[in-house]
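Participant: For reference, the structure I am asking about is given below.
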């Protein structure tokens, strides 16, 4: 996917990687079925490749550029406009969890349980070590933003890693997978 997008898009490596990872998770069934595949917002100045990236994505994933919706936000760029203020606040609003602050490891356990259920359809068993859970919790803990950073850390450290290995054929039907964090906090994947 990354190579295909890069045929039309020069640079934008982080954006292309993030898009590719999201689509890989969806393709192998690791994404949460109750959530959209992804929401892509490409902010930035004119001429950096936002529209070309969106066209390339639509063409690659959906087969045609016609499946792209483009909003020209230039009218919202005026620094003191009401629209700019509203739009900026909408994007920056932190997630508030009902009932106050929720224990991070409990949320990570719930996310892990959901991924294990989705992997069950492929007859893949997943186990994670306590060190791996600690790593996810450490990288995903940001009290100001609630569970969003945790979800991103979980997707990057677990779902993206598994999706890539499933697509490459390194993890197959009836495999058992163990994810562990080493002492230097790097992640190791063991496949039986």
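The values are calculated or read from the model by the stated rules, or taken from the named source; none is laboratory data. Please read these numbers as outputs of a predicted model, since none were measured by experiment. Here Cβ is always computed from backbone atoms with ideal geometry, including for glycine, and neighbour counts include all displayed protein chains.
Participant: Residue 153: modelled with pLDDT under 85, in a helix (DSSP H, G or I), surrounded by 15 or more Cβ atoms within 10 Å (Cβ to Cβ) and within 19 Å of the chain's Cα centre (by Cα), yes or no?
Facilitator: Numbers: modelled with pLDDT under 85: no; in a helix (DSSP H, G or I): yes; surrounded by 15 or more Cβ atoms within 10 Å (Cβ to Cβ): yes; within 19 Å of the chain's Cα centre (by Cα): yes.
Here the answer is no, as residue 153 does not meet what is asked.
Participant: Can you confirm whether region 139-153 contains a residue that is outside the structural domain of residue 23 (by TED's automatic domain parsing), in contact with a strand residue (DSSP E or B) (Cβ under 9 Å, 6 or more places away or on another chain) and touching a residue at least 12 places away in the same chain (Cβ under 8 Å)? Give the steps one after another, and end with the answer.
Facilitator: Residues of region 139-153 outside the structural domain of residue 23 (by TED's automatic domain parsing): 139-153.
Then keep just the ones that are in contact with a strand residue (DSSP E or B) (Cβ under 9 Å, 6 or more places away or on another chain); that gives none.
No, region 139-153 has no match at all.
Participant: Filter region 50-71 down to the residues that are part of a loop (DSSP other than H, G, I, E, B) and modelled with pLDDT of 85 or more and list them by number. Give the derivation first.
Facilitator: The initial filter retains those residues of region 50-71 that are part of a loop (DSSP other than H, G, I, E, B), namely 63-64, 68-71.
Across region 50-71, the qualifying residues are 63, 64.
Participant: Across region 4-49, what is the number of residues that are surrounded by fewer than 19 Cβ atoms within 10 Å (Cβ to Cβ), in contact with a helix residue (DSSP H, G or I) (Cβ under 9 Å, 6 or more places away or on another chain) and over 24 Å from residue 119 (Cβ atoms)?
Facilitator: Residues that pass the stated criteria total 13.
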